[in-house]
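What follows is a single structure, written as structure tokens, with notes after it.
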Amino acid sequence: MKNQIFINFIDVHANVQNVRKVIANPGELLKWVPEISSIDSDQSLFTVHRAKGALNHFETIQVENKGDKIIYRSTKGRLEYDLEFQIESGDSLTQVMETLFVDTEHTKIPIKLLAPIAKHAFSENLSNLGRIIESQTVK
């Protein structure tokens, strides 16, 4: 069973379709996650490589679209996880809620130590995501 580790939020000045389009395509990760050096795709699986010292230097991501949620299921890295993006439309903004789930019983990584560091790193990446989406919307 996977446990919720943290939640991050961001409001984006863009419509839901533009937000979903970027998040649903892991090839776009190169634009908003600076430590990623390359992404290879094979149908619905994406292999992510990181250049800097990251917990997962390598991982495979499968994307699931479930209504108002997009889920990145990461496997084959040191930390396997589900990163769930819930996307909701507001009056003039779209809110993205990012939730990280980890099977804490099957990981050997100390989650209590990792959680605040991961929350901060994912939050920075989520902010980058918002800026990328907004800059694409302006064009």
Expressed as a percent, the accessible surface of the chain that is carbon or sulfur, using a 1.4 Å probe and the full set of protein chains, is 52 percent
Mean accessible area per residue over region 53-128 (1.4 angstrom probe, all protein chains present, square angstrom) is 54 Å²
Violations at 26 Å Cα threshold for listed pairs Lys21/Lys112; Lys66/Lys119; Lys31/Lys112; Lys21/Lys108 -> Lys21/Lys112; Lys31/Lys112; Lys21/Lys108
The size of the Cβ-based charge dipole (Lys, Arg +1; Asp, Glu -1) of the chain about the Cα centre, to the nearest 20 debye, is 300 debye
For region 8-129, whose charge dipole is built from +1 on Lys and Arg Cβ atoms and -1 on Asp and Glu Cβ atoms, the candidate among Val12, Ile70, Ala54 with its Cα farthest towards the positive end is Ala54
In terms of the charge dipole of region 75-134, which places +1 on Lys and Arg and -1 on Asp and Glu at the beta carbon, the residue among His120, Phe85, Met97 farthest towards the positive end is His120
For Lys69, counting only aspartates and glutamates whose alpha-carbon sits under 14 Å away and dropping same-chain residues fewer than eight positions off, the answer is Asp82, Glu84, Glu88, Glu98
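The values are calculated or read from the model by the stated rules, or taken from the named source; none is laboratory data. This one's a predicted model, so the numbers in the text were calculated from it and none came from an experiment. Don't worry about glycine lacking a Cβ; one is built from the backbone with ideal geometry, like all the others, and counts go over all protein chains shown. Calculation scope for accessible area: heavy atoms of the full protein, side chains included, ligands and nucleic acids excluded. Shrake-Rupley method; radii C 1.70, N 1.55, O 1.52, S 1.80 Å.
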